[in-house]
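The values are calculated or read from the model by the stated rules, or taken from the named source; none is laboratory data. It should be emphasised that the depicted structure is a prediction, and the values quoted were computed from it without experimental measurement. Cβ sites come from the backbone with ideal geometry, for glycine too, and all protein chains shown count toward neighbours. For accessibility, only protein heavy atoms count, side chains too; no ligands or nucleic acids. Shrake-Rupley method; radii C 1.70, N 1.55, O 1.52, S 1.80 Å.
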Amino acid sequence: MNEKGIEKLTKEYEAGASTLNEEQFLFDNAENSHSISEVWSTFVKRNRIEAPEGFNDKLWNSFQRRTVRKHRFKISVISVAASIILIIALSIGNFGQKELSYKEKEALLNEALDMFAEPEQEIAQERILYEDETIIIYASLE
Amino acid sequence: MDTIDFKHKVFSLSVRLFPMVARILGNNANAEDAIQEIMIKLWEKRKQVGQHPNIPGLVFLTARNYCIDLLKKKKLEIDDSALQFMMSESDNGHESLEWKELSAIVKKILRKLPEQQREILIMRDIDGYEYTEIAAATQLKVEHIRVLLSRARKQVCMELEKTYCYE
């Protein structure tokens with residue numbers, strides 16, 4: 001690039017109207033062209049910070065590990081909370097169950113006793129033929 | 001916004017964020033951790049991020065605000081954050097001494113600039129950001145940024161000329 005071109009670029013640079021590529025060109029050629037301060041250009045070049053190689057990939061892997069771990073932790077917390085709620089709900093349900101009244105209990109007991117009624121009747125229908133201290137002899141009515 | 005979208009539209013900007021974050025925090029390792037935290041914050045708000053009209057702008061603004069908050073928490077001097085430079089060591093002792101002197105002169109000139117001008121000059125000339133990226137991070141209009149940048153560049157050139165003419 002000739003001197004006129006560099007002069008034009010320098011004016012654009014000072015006006016804040018140059019592109020990044022044009023600015024880079026000026027910094028790279030500051031020594032020879034005296035277009036912008038050599039000191040400033042050296043300072044700029046020495047202080048540039050660039051991301052390490054493979055930065056994005058490395059960060060992405062680490063990011064994914066962290067987000068998956070967070071997701072798993074969330075699921076665990078939700079599961080534990082759901083289990084606790086279920087246990088509490090079941091216990092409340094059991095405690096709240098109505099206790100039976102005496103009449104209901106009696107009715108249930110009678111129902112149970114009715115189940116044993118037949119064998120007793122069968123025994124009652126048998127006649128005793130002989131009975132002493134050691135032996136009882138029954139005779140069936142049938 | 002799903003994982004693939006997030007990776008392409010948001011996470012891919014990590015490399016672009018690096019110079020600014022590393023400079024503000026003054027350390028490359030801190031910058032890596034900070035960018036990861038910024039990305040996790042954005043991931044947690046991915047629904048809102050996906051609907052934002054200017055995703056790169058939002059990412060730059062979030063990153064800058066996160067770094068400033070971090071400095072506030074650590075009670076570091078925020079005004080000087082823009083001047084946190086990685087001093088590159090030279091093999092040559094003489095050159096190193098010369099470099100230290102040069103660096104000190106430029107830093108002194110930069111400190112004299114108004115804060116906004118200084119930050120914009122550093123973001124453009126040292127970090128190499130586009131005007132739109134600077135606008136997003138600073139929440140200023142591109143035209144305003146050009147004006148501030150022009151003033152800062154002229155001031156720096158003038159001060160350097162003055163310093164080196166006297167020497």
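Using amide H atoms built 1.01 Å from N in the peptide plane, name the residues 5+ places from residue A:138, or on other chains, whose amide H lies under 5 Å from its own.
A:129
Applying the Karplus parametrisation 6.51 cos²θ - 1.76 cosθ + 1.60 with θ = phi - 60° to the phi angles of region A:5-12, what ³J(HN,Hα) value in whole Hz is obtained for each residue in order, glycine and proline being reported as x?
x, 5, 4, 5, 4, 4, 4, 5
Using 7 Å Cα-to-Cβ label points, what is the residue B:144/residue A:111 separation (nm, one decimal)?
8.4 nm
For the residue pair residue B:107 and residue A:84, what label-to-label distance in nm results when each label sits 7 Å from Cα along the Cα-to-beta-carbon direction?
5.3 nm
Any idea what angle helix A:55-95 forms with the longest principal axis of chain A, computed on alpha-carbon atoms, 0 to 90 degrees, nearest 10?
20 degrees
Using only protein heavy atoms and a 1.4 angstrom probe, determine the accessible area buried between A and B, summed over both sides, in Å² to the nearest 100.
Heavy-atom accessible area buried at this interface is about 3800 Å².
Rounded to the nearest percent, how much of the accessible area of chain A (1.4 Å probe, protein heavy atoms only) is carbon and sulfur?
56 percent
Which residue, A:131, A:38, A:50, tops the fluctuation ranking in a GNM of chain A built on C-alpha contacts under 10 Å?
Judging by the Gaussian network model, the answer is A:131.
Using only Cα atoms, tell me the angle between helix A:102-114 and the longest principal axis of chain A; keep it within 0 to 90° and round to the nearest 10.
That works out to roughly 60 degrees.
For the protein assembly as shown, what is the mean residue ellipticity at 222 nm derived from helices alone (per DSSP H run of n ≥ 4: -39500 (n - 2.57); sum divided by total residues; nearest 500 deg cm²/dmol)?
Rounded to the nearest 500, it is -22500 deg cm²/dmol.
What does the structure give for B:114-124 when I average, per residue, the other chain Cβ atoms found within 10 Å of the residue Cβ?
Average per residue, whole number: 1.
I want to check the label-to-label distance for residue A:67 and residue A:130. Put each point 7 Å from Cα in the C-beta direction and report it in nm to one decimal.
About 9.8 nm, to one decimal.
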